[in-house]
Amino acid sequence: MGSYAPNAWGLYDRHGNVWEWCQDWYGPYLGGDVTDPQGVPTGLYRLLRGGAWNVWAYHCRSAYGGYSPPEGRDTNIGFRVVLAPGQP
């Protein structure tokens with residue numbers, strides 16, 4: 001299926017191709033260790049994750065986030081369509 005093993009959520013090839021749009025708005029997290037943290041409820045920028053082909057390798061991981069206005073477009077920004085398990 002993918003070039004590498006899937007991550008903990010079963011997604012393949014998640015890092016380094018293009019920045020991927022996230023549903024979360026960009027802003028500070030509440031802090032502490034949290035699994036699947038939710039971003040701030042509103043904002044001016046959407047969170048981007050995963051790095052892209054034109055950035056340093058250490059940016060190509062899901063823990064590294066960038067941001068862009070929702071109307072932002074670039075050759076290194078994309079998205080991934082994910083269907084949650086159990087959804088039709």
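The values are calculated or read from the model by the stated rules, or taken from the named source; none is laboratory data. As the structure is a computational prediction, the values presented were derived from the model and not from experiment. FYI the Cβ positions are ideal-geometry reconstructions off the backbone, even for glycines, and counts take in every protein chain you see.
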Note to self: Let me spell it out: the conditions are (1) modelled with pLDDT of 85 or more; (2) surrounded by 15 or more Cβ atoms within 10 Å (Cβ to Cβ); (3) farther than 19 Å from Gly10 by Cα; (4) not small (Gly, Ala, Ser), and Arg49 meets all of them except one. Which number is the exception?
What the structure shows: (3)
Next item on the list: Would you mention how many residues in region 44-73 are charged (D, E, K, R) and free of Cβ contacts under 8 Å to residues at least 12 places away in the same chain?
Entry: 2
Item checked: Counted residues, region 52-70 - those being modelled with pLDDT of 85 or more and either of a type outside the set (Gly, Ala, Ser) or within 23 Å of Ala8 (Cα to Cα) (or both) -> 9
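Got a sec? Which strands (runs of 3 or more DSSP E) wholly within region 1-78 have at least 3 residues that are in contact with a Lys or Arg (Cβ under 7 Å, 6 or more places away or on another chain)?
19-25, 65-68
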Notebook entry, point to check: Taking only pairs six or more apart or across chains, which ones have beta-carbon atoms under 6 Å, a first residue in region 14-43 that is aliphatic (A, V, I, L, M), and a second residue that is crowded, with 17+ Cβ neighbours inside 10 Å and part of a loop (DSSP other than H, G, I, E, B)?
Noted result: Val18/Ala52
Check: Among the candidates Thr35, Thr75, which residue alone is surrounded by fewer than 15 Cβ atoms within 10 Å (Cβ to Cβ), among the β-branched types (Val, Ile, Thr) and at pLDDT 85 or above?
Finding: Thr75
